[in-house]
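Visitor: I have a structure here, written as structure tokens, and I will follow up with some questions on it.
The values are calculated or read from the model by the stated rules, or taken from the named source; none is laboratory data. Keep in mind that this is a model prediction, so the values were computed, not measured. So basically every Cβ, Gly included, is an ideal-geometry build from the backbone, and we count neighbours across all protein chains shown.
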Amino acid sequence: MKFPVEDYCSKLGWYLVTIPAGSKGPTRFGWQQPEKALSDPLAARQYYEQNPSHNVGLLHGASGTCAVDIDHVEHTKIIFEELGIDFSALMQSAPQIIGRENRGKLIFKAPADLITHKISWPVQDDPRKTEVVFELRAGSVQDVLPPSIHPDTGRPYQWAGRSIFDELPELPPQLLTLWREWDKFRPQLQDICPWKKKAEFQPTRKPRPKGNNTSVIDQFNDAHDMHSLLVQYGYKPTSRGRYLSPNSTSGLAGVKLFEDGRAYSHHASDPFDNAHTFDAFELWMQYEHMGNVSKAVKDAAQMLNVSQDPDHEYDREAIEHGAKVAANIMSKTSSKDPTQSAMPDAMLSVPGVLQDVVNYYTVTAIKPQPQFAVQCALAFGSVAMGRRWVTDQRNFTSLYFLNIGETGSGKEHTKTVLEELLEEAGLEELIGPAGYTSGAGVMSTLTKKPTHVAVVDELGRQLKAASAKGMQHKADALTSIMECFGRQDGTLRQQGYATNTMKSSEAAKLETVVKRPSLTLVGMSTPSEFMQAIGGGDVASGLLNRFLIVKSEIGVQLSQEKRRSSISDRLAAWAKEHAAAHEGDLDAGNANDMPPHPIEVIFTPEAKKLLREYEERLVAAIKKETGTGLEAMYNRSREISMRLSLIIARSMGQDEIGPDAMQWSIDYVDHYAKQTIEMFRLNMAEGPFEATCKAVYARIEKAGLGGLTERDLSRSVSAFANLDRRKRGDVLDVLQTDRGIECRDQNEGARGRPRFAYFAPPLN
């Protein structure tokens, strides 16, 4: 068989990779490197004269080419036509590689920066499986060229359509836009599947006052047809509820109109390309009032002849306000705490739909905590996905979170937000208890609710109680919590007890098991309570390395005006889809001994590479900390980052865990692991006395130039308050001798009684 390899190299300037006979993939090490490809016509001819049965592939990145690989013609046609792409014209516009029936590859010129993407649909007869519809192939990948022999059919690949030796066409602008903005379009491409189960979603909002206080915005939406408004403002309807933005340069119909009258835009040039759906009022407000909410509401009220509802504020305005508040708080934070490293901006928001939880948290908080808002969003994703989603490495989404903040700093808002959002999404079944009193209590709750979230206030105090005499039941609770973390892909069993004195019914209860328990735990504590509760043994035991521990830099805050909000439409739909992703009600898949069949999400090769590099860094860090007692804090960082990446990938609407979701998760876990280790390094003590000394010093240091009296210390450090006068004096003596604190009369030189206060030494 004679290959046109010389022409591929000389006339087209392509880089070729060699492929063994009977295969579609190269085996030579480093074949992706252009320098190892065949680009010289003479060398190519000589190779295939010596290896006439070998196949040949086109290395896209080096050749300046790409391929639209259509694995299913009819399904691809549905997608492209809904996007406003003329499928028939596209198939005639470029050379095609044909290997099997109902498939084909279109070859185009392509920019060098493109990477490969693919879209998969569930198999119609078996939704648990997926099949590739089409791929956009570019970069360090290859495609087999004619006349190579297809390994499955035994027949040669063939060219079809335009001649390959005519000038190769440029990638059409519509496809280039789709390629470059893949992350935004991908959820839309998946939802186009006619048989894909859509989330049954009914918007839920907080109750409003009775009477004539109906929202102006709601009345405007009821009175206006969204289709007519879209057409009025220049949006061109195509098919299946799709519209082309008037500002579009790509030709892709990137606006989707849903049955509930809301729309979503994927157009980068469109004013509504903001990851949120929009309604008729928002559309009208943008084009008639340049986005001015107050003016639009006033004019709408006059137009409809209705009174405005002052108690119902527009969510977008509130969210924007919340974002400004969060940015302002973090910009003014200037902690002197050496355990607090610089906070990357990316960690104050969550990629994808879960950012709506962050927005809701900040909008409704009297005392905003941006870092805790992110923790809250991740916890929401953790419990919503529960037992129903898993990676191809068997990582489920169950995660433990610990928020450390001062009393009065606003950390308690997490519980309120989680409960409100789950209730509004119709998922109150997932709300668990406010803590566990025993191991049996953990087991009992999981038996009733194998998937749930528990928000535990003052976790530090509970940790301290678990180590006290006569508190074995508290210790058992912590043991069960530890066990549950590692049993999400297994079975949790009741702890062993002697049953010879029990009734048969009581003994039977101990035989209860929970298959794939999914506990999301959110703990809260003050710094002093938490550091008093732990010691080196607690770190090494493996309890704390199961937690994502965030210590806020924000102390006691003044209250801000609380604003009303409600769950966003897309967040409610997302939560329902992920909590009840299979046939049947939520309860049907929430039985303790009958877990649902989970949906598997794979790691991409790029994500695996990042994970491997992170693991190598973790090994080096563990070796460095060996002997300090702190090395255990890194032991679960890899596992936690893998669980977190699944949540982030689904938040972004991705069917695979790609490098973006993986990198964000690694950065988040690694940042707080390092911060926690430094916090432990500086604060862990050998015993209660040392712990009290460190807690007192921390309070004095935080007071700065104001200093603290002994009475002040008794009010702010509970361990110091519980000491008798002699031991208090011992603590203060040690801090003066070892840590350099000073005792000075604040009223020196002034009238009145002396006021002796303690001050930390000045910073060098």
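Let's see how each residue does on (1) modelled with pLDDT of 65 or more; (2) within 27 Å of HIS452 (Cβ to Cβ); (3) surrounded by 21 or more Cβ atoms within 10 Å (Cβ to Cβ); (4) within 22 Å of the chain's Cα centre (by Cα):
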| position | (1), (2), (3), (4) |
| --- | --- |
| ALA533 | yes, yes, no, no |
| ALA540 | no, no, no, no |
| LEU548 | yes, yes, yes, yes |
| SER559 | yes, no, no, no |
| GLU577 | yes, yes, no, yes |
| ASP585 | no, yes, no, no |
| MET594 | no, yes, no, no |
| GLU606 | yes, no, no, yes |
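Visitor: Return the total of residues in the stretch 44-63 being assigned to a helix (DSSP H, G or I) and within 24 Å of PRO95 (Cβ to Cβ).
Guide: Of the residues in the stretch 44-63, 8 are assigned to a helix (DSSP H, G or I) and within 24 Å of PRO95 (Cβ to Cβ).
Visitor: Would you please name the residue that is farthest from ASP191 (Cα to Cα), looking only at residues in the stretch 66-87 that are in contact (Cβ under 8 Å) with a residue 12 or more places away in the chain and touching a Phe, Trp or Tyr at 6+ places or on another chain (Cβ under 7 Å)? Write out each step before concluding.
Guide: Residues of the stretch 66-87 in contact (Cβ under 8 Å) with a residue 12 or more places away in the chain: 66-76, 78-79, 81-85.
Pick out the ones that are also touching a Phe, Trp or Tyr at 6+ places or on another chain (Cβ under 7 Å) and you get 66, 68-71, 75-76, 81.
Details: CYS66: 25, VAL68: 20, ASP69: 20, ILE70: 18, ASP71: 18, HIS75: 12, THR76: 13, GLU81: 14 Å.
Among them, the one singled out is CYS66.
Visitor: Just give me the residues in the stretch 12-71 being within 19 Å of PRO151 (Cα to Cα) and hydroxyl-bearing (Ser, Thr, Tyr), in sequence order.
Guide: If the condition is that a residue be within 19 Å of PRO151 (Cα to Cα) and hydroxyl-bearing (Ser, Thr, Tyr), then THR18, SER23, THR27, TYR48, SER53 are the ones that fit.
Visitor: Further question on the same structure: Kindly evaluate LEU176 against the criterion of being touching a strand residue (DSSP E or B) at 6+ places or on another chain (Cβ under 7 Å) and among the aliphatic types (A, V, I, L, M). Walk me through how you get there before you give the answer.
Guide: Values: touching a strand residue (DSSP E or B) at 6+ places or on another chain (Cβ under 7 Å): no; among the aliphatic types (A, V, I, L, M): yes.
Here the answer is no, as LEU176 does not meet what is asked.
Visitor: Identify the single condition in (1) over 16 Å from GLY84 (Cα atoms); (2) touching a residue at least 40 places away in the same chain (Cβ under 8 Å); (3) surrounded by fewer than 17 Cβ atoms within 10 Å (Cβ to Cβ) that PRO173 does not satisfy, given that it satisfies every other one.
Guide: Of the numbered conditions (1) over 16 Å from GLY84 (Cα atoms); (2) touching a residue at least 40 places away in the same chain (Cβ under 8 Å); (3) surrounded by fewer than 17 Cβ atoms within 10 Å (Cβ to Cβ), the odd one out for PRO173 is (1).
Visitor: Let me ask another. Quick one: which of ALA695, ALA673, ALA721, ALA649 is surrounded by fewer than 20 Cβ atoms within 10 Å (Cβ to Cβ) and either over 30 Å from HIS117 (Cβ atoms) or at pLDDT 90 or above (or both)? Break it down stepwise before answering.
Guide: Numbers: ALA695 fails: surrounded by fewer than 20 Cβ atoms within 10 Å (Cβ to Cβ); ALA673 fails: surrounded by fewer than 20 Cβ atoms within 10 Å (Cβ to Cβ); ALA649 fails: surrounded by fewer than 20 Cβ atoms within 10 Å (Cβ to Cβ).
The match here is ALA721.
Visitor: Read through the list (1) part of a helix (DSSP H, G or I); (2) in contact with a Lys or Arg (Cβ under 7 Å, 6 or more places away or on another chain); (3) modelled with pLDDT of 85 or more, then give the number of the only condition that PRO151 fails.
Guide: Failed condition: (1).
Conditions tested, residue by residue: (1) surrounded by fewer than 17 Cβ atoms within 10 Å (Cβ to Cβ); (2) of a type outside the set (A, V, I, L, M, F, W, C).
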residue: ALA67; (1), (2): no, no
residue: ASP71; (1), (2): no, yes
residue: THR76; (1), (2): no, yes
residue: PHE80; (1), (2): no, no
residue: ARG103; (1), (2): yes, yes
residue: ILE107; (1), (2): no, no
residue: LEU114; (1), (2): no, no
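Visitor: For the stretch 561-571, give me the residue count where each residue is modelled with pLDDT of 70 or more and in a loop (DSSP other than H, G, I, E, B).
Guide: Keep residues of the stretch 561-571 that are modelled with pLDDT of 70 or more, which gives 565-571.
Checking which are in a loop (DSSP other than H, G, I, E, B) leaves us with 565-568.
Residues in the stretch 561-571 being modelled with pLDDT of 70 or more and in a loop (DSSP other than H, G, I, E, B): 4 in total.
Visitor: Does GLY234 satisfy being modelled with pLDDT of 85 or more, assigned to a loop (DSSP other than H, G, I, E, B) and either surrounded by fewer than 16 Cβ atoms within 10 Å (Cβ to Cβ) or of a type in the set (Ser, Thr, Tyr) (or both)? Walk me through how you get there before you give the answer.
Guide: Details: modelled with pLDDT of 85 or more: yes; assigned to a loop (DSSP other than H, G, I, E, B): yes; either surrounded by fewer than 16 Cβ atoms within 10 Å (Cβ to Cβ) or of a type in the set (Ser, Thr, Tyr) (or both): yes.
Yes.
Visitor: I need the full set of residues from the stretch 650-676 which are among the basic types (Lys, Arg) and either under 30 Å from PRO122 (Cα atoms) or within 12 Å of the chain's Cα centre (by Cα) (or both), in order please. It would help to see each step written out before you state the result.
Guide: The initial filter retains those residues of the stretch 650-676 that are among the basic types (Lys, Arg), namely 650, 674.
ARG650 - this is the single residue of the stretch 650-676 that is among the basic types (Lys, Arg) and either under 30 Å from PRO122 (Cα atoms) or within 12 Å of the chain's Cα centre (by Cα) (or both).
Visitor: Could you check the stretch 688-705 and list, in sequence order, the residues that are over 14 Å from CYS743 (Cβ atoms) and either of a type in the set (Val, Ile, Thr) or free of Cβ contacts under 8 Å to residues at least 12 places away in the same chain (or both)? Full working, then the answer.
Guide: Within the stretch 688-705, the first condition is being over 14 Å from CYS743 (Cβ atoms), and the residues that meet it are 688-695, 698-699, 701-702, 704-705.
Within the stretch 688-705, GLU690, THR692 qualify.
Visitor: Hey, another quick one. In the stretch 433-449, is there at least one residue being within 20 Å of SER568 (Cβ to Cβ) and crowded, with 23+ Cβ neighbours inside 10 Å? Even if it seems obvious, please write down each step before you answer.
Guide: Step one: list which residues in the stretch 433-449 are within 20 Å of SER568 (Cβ to Cβ), which gives none.
No: the stretch 433-449 contains no residue that is within 20 Å of SER568 (Cβ to Cβ) and crowded, with 23+ Cβ neighbours inside 10 Å.
Visitor: Could you list all residues from the stretch 13-46 that are among the hydroxyl-bearing types (Ser, Thr, Tyr), in contact (Cβ under 8 Å) with a residue 12 or more places away in the chain and surrounded by fewer than 18 Cβ atoms within 10 Å (Cβ to Cβ)?
Guide: SER23
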